[in-house]
Amino acid sequence: MRTVRGTGALLLLAGLLPIAGVVNPRLWDLFTASPRHALALLPDRLGAWQTGMWLLMAGTAVSIAATAALARLIDTTPARCALALFTTGSALLLVSYSFDLSVSTWAARDAGAHVPGWYWPLNSWSASLFAGSYGLLTSTALLVYGGEVVRTRVLRRWTGWVLVGGGAGLLVQFAAFGSEAPAPQFVALAVVGAVALVRRHEPTAPRPPRTHITTHV
């Protein structure tokens, strides 16, 4: 039970930290604007931007620990493969967030109207890391984690479907738009973590198959 609650606490924190990072309305048009427009808006919102990026990075770091704990709890080969995918995707996310926090902040604050030409290809590269991480790696990991929770029932079975929904939400966005808002992942981790933290649950084994007894006269 202590292991389940510890995993739940980590999952909840992994969901809530990034939600706190993006909930500020001053950041919303930065996330949806074109790169050049966002860079022009950034100098007036540097404080909110830096706070949001630090929270996103902290949430990403905690999510690695949270999904590692979940993989140990499930203890199956697919769950360990999902952890490898999730950790790789999260590492790429940290690179992308670090670029935004450092280089994009410098370009907006110090370069002003004279943004060097090399910035834009690097910015596109960072955006590709972001899209590929959520759209392909962490999304697939969530699908596998969810399926394993449903199959093994180490947590409440419906929470596995929440993880599946989070992964599917990211994949659909990536397929449709080539990028994605990562809210499905944040919400899925927070919901599953909250349930694991506060609800008592004893893992239940799948029902054994029925046996038919025949009698011979």
Exercise for the section: Taking only Cα atoms and a 10 Å spring cutoff, compute GNM fluctuations for the chain and point out the largest among Trp118, Trp161, Trp54. Expected result: Trp118
Practice task
Report, in deg cm²/dmol and to the nearest 500, the calculated mean residue ellipticity at 222 nm for the chain, where each DSSP H run with n ≥ 4 adds -39500 (n - 2.57) and the sum is divided by the residue count.
Solution key: -23000 deg cm²/dmol
Practice task
With only Lys, Arg, Asp and Glu charged, each at its Cβ (+1 for the first two, -1 for the last two), find how big the charge dipole of the chain is about the Cα centre; round to the nearest 20 debye.
Solution key: 960 debye
Problem - Helix 46-74 vs. the chain, principal-axis angle (Cα, 0 to 90°, nearest 10) - result: 20 degrees
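Values quoted throughout were computed directly from the atomic coordinates according to the rules given, and no laboratory measurement underlies them. All figures in this text were calculated on a predicted structure; none of them were measured in a lab. Backbone-built Cβ (ideal geometry, glycine too); neighbour counts: all protein chains shown.
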